[in-house]
Amino acid sequence: MDKPLTLPALLAMKARGQKIATLTAYDAAFAAVMDAAGVDLILVGDSLGMVVQGHPGTLPVTLDQMVYHAACAARGTRRAVLAADLPFMSYSSVGQALDSAARLVREAGVQMVKLEGGRKRLEVIRALAEQDIPVCAHLGLLPQSVHKLGGYLVQGRDERAAQTMLEDAILLQEAGAGMLVLECIPAALAGEITAALSIPTIGIGAGPACDGQILVCYDMLGITPGNRPKFSKDFLAGADGVAGAVRRYVAEVREGRFPGPEHSF
C-alpha cells in the first residue's frame, strides 16, 4: 500500500504543478474504491442531502448525519486525505464551529473540515486554525446560501464580484485556510485566484487552471438523479466498472484533460 497522503503533501503537489484528484464519497465501499484508484482527497460532502437523501438541496443535512457518513468513509480510506463538510448552521459562531469540527475530527476521523463563505468566515477559520484543525474554504457558488443567491447560478461574472472573490480568497488564506474549493465561477477568474494563492485550489465548474478538481461521485458515474451538471462528465461510460471509471477520472485530471472547455464557464 502507498504511504498515506498528508495535507503538506497536497501543498507540495501544488508547488510542483501536480494536479490533485478529488471526489466525494459517503460510505466505506465507495471510499475504498476511490482510495485504491489513486484519488488524493476524498470529501464527505453535504451534497449527500441531494444524491443520497433525495432532498432538493444541502440545507436539511445535519451534523449527526455528516459525522455518520464521514465515519463510514473513513473506514474505507487508507491513502487519501479525508475531509468533510460542516453542514448548514453548524458553524455560525466560533464556539459552535469548534464543537462541530471537533466532532468530525474526533468521532469520524477526518483530517480537514470544509466550510462555505468569504470574509465573514475569517474569525471562525482563525479559531479553527489556532486549534490545529485544518480548514478548506469554499467560494463561488455556495449551496448553503442558495436562497440568498437565487438559485444554483455561476458566480463572479462581473468585474466587481470577481475582484471581491479574489480579495476574499487571499483573506481566507491569510486567516489560516489550507485549501480552497472554487465552484461554478469563470475559468479565467479561477486561474487568477489560483495564481494568487500558495494553498491549493480545487475546482468544480471552475475550469482547468485550478490545482485540482472535484466532482460529486454520482455525477462522475452518470447516475445523478435528474440532469447531470454541465461541469461534470460521465466517466463510467465505456469504462470497466466503477473502479475503472475512477481510475479514468484520476488520469484525466492528472493529465489536464479534464475539465475541458465544454465543462467550464
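Is the C-alpha gyration tensor of segment 51-175 telling us rounded, prolate or oblate? Criteria: a/c under 1.5 is rounded; beyond that, a/b larger than b/c is prolate, otherwise oblate. Working shown, then result.
Values: a/c = 1.88, a/b = 1.32, b/c = 1.42.
Verdict is oblate for segment 51-175.
Among DSSP beta bridges lying fully in the chain, give the percent that are antiparallel, nearest 5.
On the way: 0 of 27 bridges.
Here the antiparallel bridges make up roughly 0 percent for the chain.
Ignoring ligands and nucleic acids, what accessible area does H69 show with a 1.4 Å probe (Å², nearest 10)?
In the full protein context, H69 sits at about 30 Å².
By the scheme Lys and Arg +1, Asp and Glu -1, what is the net charge of all other residues having a beta-carbon under 12 Å from that of L149? Numbers along the way, then the final one.
Numbers: positive: K148; negative: E116, E183.
Around L149, the surrounding residues sum to -1.
Could you work out how far apart the two model spin labels at R75 and T62 are, taking each label as a point 7 Å from the Cα in the direction of the beta carbon, and quote it in nm?
Calculated label separation equals 2.0 nm.
Once you have the Cα-Cα distance between E174 and L11, take 0.36 nm times their residue separation minus that, and quote the gain in nm to one decimal.
Numbers: separation 163, 0.36 × 163 = 58.68 nm, distance 1.53 nm.
Between E174 and L11, full extension yields an extra 57.2 nm.
In percent, what relative contact order does segment 81-150 have, based on Cα pairs under 8 Å that are 6 or more apart in sequence?
Working: 80 pairs, mean separation 22.8, N = 70.
The value is 32 percent.
Compute the relative contact order of the chain as a whole-number percentage, counting only Cα pairs closer than 8 Å that sit 6 or more residues apart in sequence.
It rounds to 18 percent for the chain.
7 Å from Cα along Cα→Cβ at both Q131 and S93: what's the point-to-point distance in nm?
Inter-label distance under the simple model: 1.4 nm.
D2 to L149: FRET efficiency via 1/(1 + (r/R0)^6), r the Cβ-Cβ distance, R0 45 Å, to the nearest 0.05? Provide the component values of the computation, followed by the final result.
Details: r = 40 Å, r/R0 = 0.88.
Given R0 = 45 Å and the Cβ-Cβ separation, E is 0.70.
Using alpha-carbon positions, what is the distance between the centroids of segment 1-59 and segment 60-138, in Å?
A separation of 14 Å, based on Cα centres.
Farthest toward the dipole's positive end in the chain, which of A102, A177, I214, given Cβ charges of +1 (Lys, Arg) and -1 (Asp, Glu) about the Cα centre?
Of the candidates, I214 comes out farthest on the positive side.
The values are calculated or read from the model by the stated rules, or taken from the named source; none is laboratory data. Keep in mind it's a predicted model, so treat the numbers as computed, not measured. Note that each Cβ is placed from the backbone with ideal geometry, even for glycine, and that neighbours are counted across all protein chains shown. Each accessible area value is taken on the protein alone, full model and side chains, heavy atoms only, with ligands, DNA and RNA left out. Shrake-Rupley method; radii C 1.70, N 1.55, O 1.52, S 1.80 Å.
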